[in-house]
1. Could you tell me whether residue 375 is part of a helix (DSSP H, G or I) and over 20 Å from residue 92 (Cα atoms)?
2. Could you say whether any residue in the stretch 75-86 is touching a helix residue (DSSP H, G or I) at 6+ places or on another chain (Cβ under 8 Å), surrounded by 24 or more Cβ atoms within 10 Å (Cβ to Cβ) and under 16 Å from residue 386 (Cα atoms)?
3. Working only within the stretch 160-184, note down all residues that are crowded, with 18+ Cβ neighbours inside 10 Å and farther than 24 Å from residue 9 by Cα.
4. Has the stretch 180-198 got at least one residue that is in contact (Cβ under 8 Å) with a residue 60 or more places away in the chain and within 28 Å of residue 336 (Cβ to Cβ)?
5. For the stretch 332-349, enumerate the residues that are more than 14 Å from residue 74 (Cβ to Cβ) and surrounded by fewer than 22 Cβ atoms within 10 Å (Cβ to Cβ).
6. Scan 157, 104, 130 and give me the residue that is surrounded by 16 or more Cβ atoms within 10 Å (Cβ to Cβ), at pLDDT 95 or above and in contact with a helix residue (DSSP H, G or I) (Cβ under 6 Å, 6 or more places away or on another chain).
7. For the stretch 281-334, what are the residues that are closer than 18 Å to residue 25 by Cα and outside any helix (DSSP H, G or I)?
8. Would you mind telling me which numbered condition in (1) touching a strand residue (DSSP E or B) at 6+ places or on another chain (Cβ under 9 Å); (2) at pLDDT 90 or above residue 89 fails?
C-alpha cells in the first residue's frame, strides 16, 4: 500500500505545528499559567519544552521516518527479540488508545468552542437557539461533539496530501492571523498592562514548586502531542531528504511560540474583563481558571463590549475551533493509520469506524460527566503521556540501533555526525530524558 508523504518542509512544519498547536496551547496553557503563578509557569514551561519535549519529539520523528509505519508496527520493527517486540507492541497499542481517549474528551471541549462561536450569530434571529448553544445541556454537548468528530473524520479520510496537509496549510496561517489581531486589540484596552505583569514578571520563589513543575511538564507533553504516536506517524510522512533536527526545532518553536502568544492574549484579557466589572477571582482569592476562564470570564468581557463584543467573541471562538481541529486530525490519524496498515482496510472505512468508536466514548463521558471527564483528562495527559514519552525515549536510546538512527539523520544532512545534535542527543535521550521524566512524574503521585 502506497503511503502518503508531506510535499515540503513547510507543509510538514504546519501540519506538525497544527498537531502541537491546539486547545492545549490556547486554552490549556493560559489556564495552567493562571493557576500556577503566571510568569513562573511560563519560564518553567519553556525550559521543559526544550529540555524534555524536544528530545522526546526527535525520538518519535526519527523512529517514524525510519520505519514508515504506525506507532504499533514502528516500535515492533525497531525491536530485537520476542519479548522486546511484544513490549514495543504493547506501548504502541497503549499510545493509540491514549490518543483515542484524548480525542474523546477533546471533541466535547471543541464542541463547546463551536457552540460559543455560533452563539453571537444566532442572537440576531433566535434567542432560543442562542441560549441552547451556551447552555450546559446533554443534547448540546453530544450534538456538537458529534459534528466536530465528523469534521475531523472528513479531513482524515482524504489522506495525507489532500487531507492533513491541505487543511493544515490553510488553517494554521488563519490561526496566526486571528490570534495576532486579537492580541493587538486586547493589549490596547484598559487593564491589559496588569495582566502583562502577571504573565511576564516571574516570582522566582514559585519556580521550584513541585506542582508547578509537574503541570509544566504535562503541559509541554500534551501541547506537543507527545507519547501517543501523533508525531511518530507524522514523522513517517516526512520526506527522506529533510533535516530532522532542524524541522524538530521549528515545530518546538512554533508550539512554544503559540503557547506564549495565547498567554499574551488570555492573561491581559482577564484583567481587561475586571475593568468591565467582571469578577476574575474565585472564592479562595485565586484567578479563575479552567472552563470558567474561557466560558465565563471571557464571554462576560465580550458581552460588556456591546455590539463590537459579538464580533470579537465570534473571532475568538473561531480561533479556538481552528486550534481544536488542527490537533484532532493528528490524534485521529494515530488509530486510523494502524487499522489501515494492519488490516488493509480502505482509509475512508477505517476513519469512520474509529470515529464512531471515539464518538460513543464521548457520549459515555457526556452521560457521566462529573465522574469521567476529569478522570480521563488526568489519566491521559498527566499520567499516560509522560510515561509513554519516557518509554519511547527508552526505545530510541536503548533498543533502536544507534547506527540506523545516525543513517536516518544523515539522509537529510551528510554532516550530521559532526553536528552538536548528534554529540548530545543519543546519550541525552538514553539516560537523561527517561530519568527526568520519571522523577517529575513520581512527584505528581
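1. yes
2. So far as the stretch 75-86 goes, no, none of its residues is touching a helix residue (DSSP H, G or I) at 6+ places or on another chain (Cβ under 8 Å), surrounded by 24 or more Cβ atoms within 10 Å (Cβ to Cβ) and under 16 Å from residue 386 (Cα atoms).
3. The answer is 182, 183.
4. Scanning the stretch 180-198, I find no residue that is in contact (Cβ under 8 Å) with a residue 60 or more places away in the chain and within 28 Å of residue 336 (Cβ to Cβ), so the answer is no.
5. 339, 343, 344, 345, 346, 347, 348, 349
6. 104
7. 288, 289, 290
8. The one condition residue 89 does not meet is (1).
The values are calculated or read from the model by the stated rules, or taken from the named source; none is laboratory data. Predicted, not measured: the structure shown is a model, and the values here were computed from it. Neighbour counts are summed over all protein chains in view; Cβ atoms, including those assigned to glycine, are modelled from backbone coordinates with ideal geometry.
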